[in-house]
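The values are calculated or read from the model by the stated rules, or taken from the named source; none is laboratory data. Treat the numbers as computed from the prediction; the structure is a model and nothing was measured. We place every Cβ from the backbone using ideal geometry, glycine too, and count neighbours over all the protein chains shown.
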Amino acid sequence: MGQWFWRWLCFFVGVLLTAACGQSPSARSETPPPTLLRFTPVTASLPIGSLIRPPMTSTPSGLPALSLIGPTCYETPVQSLVCLGWIHNPLDHAQESILLNLKLVDDNGDAIVSQNISPVREWLPPQSGTPYRFIFADLPPVPVTPQIGLITTRPVRENTHISLEVRRVTMEWDGKVYRVSGQIHNKSPVIVKEVKIVVTVQDAAGSVIGFRTLIQAEPEAFETTLILLEPYAETYRVTITADGIKGE
């Protein structure tokens, strides 16, 4: 039990990736790495049937039409549930105060559990996205359908962030973890006092299989490591965003 606890602790110290503003093309792993923490899709972990059904998404009328990619849920080594997904802003203006809700609904339409969270980035510039993550302490006792919905969002009222450029991105497998590095560049005359980097990895189908966040005092080179929930995926899409908080 102690061994699983420390593996689980190490995962959550390390599975939310850090990032900067930009996107790299697909990166291929030359050798399929081992399943580092034995994270498997829930549907593959049950002897009979499927515990997690295909997700559903919803956006209430009156809210901007942000694009939600339903979560992929994974069973952890301690029998909890982690659900990762992606939200994209297709609009021509930035959004903030975004709040999401995820319900796990049984076949009778009843919510077994419900949770609200904010996505990883505090704002979403036009044509950009961010991962989100839900953590449930226990696996659902019956098969469920994840229902992800947008609760609130609004146009940015006072722009306290700027998007920074990410250059020279690399992602390499070192035999144990993936190493991601790059260079953050501020092209504007605006001084920033803090940089939040989000590194997101998606498989060929667009499912989020890992992300990590990193906070830096200023735009500069960065390097971080990450563990993917499905490390056997052959093709990865790596998205790195860097948001600078404007200085005084």
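Observations on the structure shown:
- For beta carbons closer than 6 Å, sequence separation of 6+ or different chains, a first residue in segment 224-248 that is farther than 15 Å from G85 by Cα and a second that is at pLDDT 75 or above and basic (K, R), the qualifying pairs are T224/R212; T225/R179; L226/R212; D243/K196; I245/K193; G247/K193.
- Failed item, numbered, when M171 is tested on (1) out of contact with any Pro (no Cβ under 8 Å at 6 or more places or on another chain); (2) under 27 Å from N116 (Cβ atoms); (3) of a type in the set (A, V, I, L, M): (2)
- Within segment 127-182, the only residue that satisfies the criterion of being under 20 Å from the mean Cα position of the chain (by Cα), part of a loop (DSSP other than H, G, I, E, B), surrounded by fewer than 16 Cβ atoms within 10 Å (Cβ to Cβ) and in contact (Cβ under 8 Å) with a residue 40 or more places away in the chain is A137.
- At least 3 residues being in contact with a Ser or Thr (Cβ under 9 Å, 6 or more places away or on another chain) and modelled with pLDDT of 90 or more is the threshold, and among the strands (runs of 3 or more DSSP E) wholly inside segment 71-123 those reaching it are 81-89, 95-105.
- Complete set of residues in segment 214-245 that are assigned to a strand (DSSP E or B), surrounded by fewer than 19 Cβ atoms within 10 Å (Cβ to Cβ) and at pLDDT 90 or above: I215, Q216, A221, E223, I245
- Entry remark, segment 183-213: residues being crowded, with 24+ Cβ neighbours inside 10 Å, farther than 16 Å from W86 by Cα and touching a Gly at 6+ places or on another chain (Cβ under 7 Å) number 1 in total.
- Each residue in segment 201-213 was checked for being at pLDDT below 90 and not aliphatic (A, V, I, L, M), and 5 of them qualify.
- Of all residues in segment 93-121, those satisfying the criterion of being among the β-branched types (V, I, T) and either under 18 Å from L139 (Cβ atoms) or in contact with a helix residue (DSSP H, G or I) (Cβ under 9 Å, 6 or more places away or on another chain) (or both) are V105, I112, V113.
- Of the numbered criteria (1) more than 24 Å from C73 (Cα to Cα); (2) assigned to a strand (DSSP E or B), the one S188 fails is (2).
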